1. For the range 117-254, what is the percent of antiparallel DSSP beta bridges, rounded to the nearest 5?
2. Quick one: which residues, 5+ away or cross-chain, put their amide H under 5 Å from the amide H of VAL220? H built at 1.01 Å from N.
3. How much accessible area does ILE168 have with a 1.4 Å probe, in Å² rounded to the nearest 10?
4. Under the rule of at least 5 residues apart or a separate chain, name every residue whose amide H is placed under 5 Å from the amide H of GLY78.
5. In square nanometres, what is one fourth of the surface area of the convex hull spanned by the alpha carbons of the range 141-243?
6. For GLU226, what residues show an amide H to amide H distance below 5 Å, using hydrogens built from the backbone and excluding near sequence neighbours?
7. Once phi is turned into ³J(HN,Hα) by the Karplus curve 6.51 cos²θ - 1.76 cosθ + 1.60 with θ = phi - 60°, what whole-Hz value does each residue of the range 227-236 show in order, with x for glycine and proline?
8. Would you tell me the accessible area of THR108, worked out with a 1.4 angstrom probe on the heavy atoms of the protein chains, in Å² to the nearest 10?
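The values are calculated or read from the model by the stated rules, or taken from the named source; none is laboratory data. What you see is a predicted model, and the numbers here were worked out from it, not measured in a lab. Quick note on the areas: whole protein, heavy atoms, side chains included, nothing else; ligands and nucleic acids left out. Shrake-Rupley method; radii C 1.70, N 1.55, O 1.52, S 1.80 Å.
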Amino acid sequence: RKPQTAKALEYVQGRLNEAECDLMSNSSSSAHPPLGGRMVTTANEEPNDVKMVVIYVAMKEEAAPMIESLKLSEKIGGIEECLPSRVYEGEYGSGRVAIVIPGTDKATGVNLIGTDSAALTTYLAVRKLKPDLLINAGTCGGFKRQGGNIGDVYCVTGFQNHDRRIPIPGYDVLGRAHRSATKTPKLIQTLNLKTGLCSTGNSLDFIPADDLRMLNAGNVCCKDMEGAAIAWVADLLQVPVLGIKVVTDIVDGDKPTQEEFLANLGAAAASLQSALPKVLDYVLGRPIDDL
């Protein structure tokens, strides 16, 4: 029997060969999809309207009201049969929508929150579902110093990490990993959404070192546990990305974060259920540059 390392190398080589064949088969076309599958237009072509939207939601409790509201059906097999991720998809308005959740941990039964599952699930979802637009929808912590209140809905303008502390030139920038979201000034104005940066970390608590990084970044209005990882994948695969976040807790408030989060999770999920169809109604059928 082959050693595990040899098997892994053989598998990777096979996938690379498949990717190379895909690129070669598309090389004769004047407009061809990059890795993520989104069509790239030339200067003489009309911009592509948004027809397929993939929405990443970290927790099933956040996703359930949206799935019901949008009347989506579960996709058998998900995006990869060996993973616990779940996909719910269907027609909506002038296009298609898929909500992707990472699923639950087999050892504990809890939601697979955090950047690891977000990056892996988003990568596979984009490769398989080929969206024109990727949205990270979910809950977040807000900041009273930025005027944040429980239930506020934000359209994120950019993403960064706050807990990757690497004090070496170059690596410090890599750790922070600031990336801009797709610009949507018309969407923001039409729906009267709040805006600001989203800062991502893998811990729910709030420590002075993390707070300092958020203060130094400027307009951080949302604190979450997956946004920056999703933005990284979107950047790699050349897919436009938005963040729609609802505040469940006030990070710099006087209540324990975990208690406030759990107390407001249901209300925040209902707020997402209300806000997301409005976002979809606006973006579907429009070119990215017209958002």
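1. Values: 6 of 26 bridges.
Expressed as a percentage, antiparallel bridges in the range 117-254 total about 25.
2. LEU197
3. Per-residue accessible area (ILE168): approximately 90 Å².
4. VAL87
5. 6.8 nm²
6. The answer is GLY201.
7. x, 5, 5, 5, 5, 4, 5, 4, 5, 4
8. Number for this one is 90 Å².
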